[in-house]
Amino acid sequence: MKKIIDFNSFAQGGPAEKFNIELQKVLENIADPNTDAKKVRKVSMVVSLKPNEHRNLADVSVEIKSTIVPSQPIGTSLIIDTDTDGKATGAELKSGIPGQMYMGENGEALDDRGQKVEETPTPKATDNKVVNFK
């Protein structure tokens with residue numbers, strides 16, 4: 001079969017260049033760990049020819065586009081509460097269980113919303129006498 005068009009030189013190499021740009025987008029999307037590895041990606045090339053009335057000349061349009069996979073959704077949980085005015089409010093649940101405290105990266109005690117917990121002072125003993133329990 002006779003070769004009619006070489007996309008490396010057709011339209012000054014534009015279609016081949018655009019194809020490689022879209023292919024690069026697809027490859028980067030495949031390498032992104034935040035996307036679904038099993039979903040199909042596509043690079044499409046549509047060549048449109050619009051002939052003139054004499055059918056001796058055609059305007060050619062080459063469209064190249066890629067279809068990539070979106071990033072996977074990021075999930076979290078919100079604690080829903082009310083503020084001092086009785087209006088609904090929310091805060092991200094950081095501890096995993098409402099009401100549970102946890103240790104932060106720096107070793108500080110944090111509440112379920114990730115706020116630093118104020119230390120309560122240790123009560124001072126008024127009498128150092130030992131009580132003998134039986």
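The values are calculated or read from the model by the stated rules, or taken from the named source; none is laboratory data. Because the structure is predicted, anything quoted here is derived from the model rather than measured. As a convention, Cβ positions derive from the backbone with ideal geometry for all residues, glycine included, and neighbour counts pool all protein chains shown.
Search the stretch 1-17 for residues that are assigned by TED's automatic domain parsing to the domain that holds Val43 and pair each with any residue that is part of a loop (DSSP other than H, G, I, E, B) when their beta-carbon atoms are under 6 Å apart and the residues are at least 6 apart or on different chains.
What qualifies is Pro15/Phe7; Ala16/Phe7; Ala16/Asn8.
How many residues, within the stretch 1-22, are closer than 15 Å to Val69 by Cβ and outside any helix (DSSP H, G or I)?
0
Quick check on the stretch 59-96: of everything there that is in contact with a Gly (Cβ under 8 Å, 6 or more places away or on another chain) and assigned to a strand (DSSP E or B), which residue is nearest to Met45 (Cα to Cα)?
Val62
Could you please give the count of residues in the stretch 59-100 that are surrounded by 12 or more Cβ atoms within 10 Å (Cβ to Cβ) and of a type in the set (A, V, I, L, M)?
Of the residues in the stretch 59-100, 8 are surrounded by 12 or more Cβ atoms within 10 Å (Cβ to Cβ) and of a type in the set (A, V, I, L, M).
Take the residues in the stretch 49-58 that are outside any strand (DSSP E or B) and among the charged types (D, E, K, R); name whichever of them is farthest from Val26 (Cα to Cα).
Glu53
Before we move on, is Val46 part of a strand (DSSP E or B), farther than 30 Å from Val117 by Cβ, of a type in the set (A, V, I, L, M) and over 17 Å from the mean Cα position of the chain (by Cα)?
yes
For the stretch 97-122, enumerate the residues that are under 16 Å from Thr76 (Cβ atoms), out of contact with any Lys or Arg (no Cβ under 8 Å at 6 or more places or on another chain) and assigned to a strand (DSSP E or B).
none
Applying the selection to the stretch 1-19, what residues are exposed (fewer than 12 other Cβ atoms within 10 Å of the Cβ) and farther than 16 Å from Val60 by Cα?
Met1, Lys2, Lys3
Quick check: is even one residue across the stretch 23-37 part of a strand (DSSP E or B), over 30 Å from Asp112 (Cβ atoms) and more than 19 Å from the chain's Cα centre (by Cα)?
No, that holds for no residue.
Only residues that are more than 24 Å from Leu23 (Cα to Cα) and among the hydrophobic types (A, V, I, L, M, F, W, C): list them for the stretch 50-73, please.
Leu57, Ala58 - these are the residues of the stretch 50-73 that are more than 24 Å from Leu23 (Cα to Cα) and among the hydrophobic types (A, V, I, L, M, F, W, C).
So Val46 ticks every box in (1) in contact with a strand residue (DSSP E or B) (Cβ under 6 Å, 6 or more places away or on another chain); (2) surrounded by 10 or more Cβ atoms within 10 Å (Cβ to Cβ) but one. Which box is left unticked?
(2)
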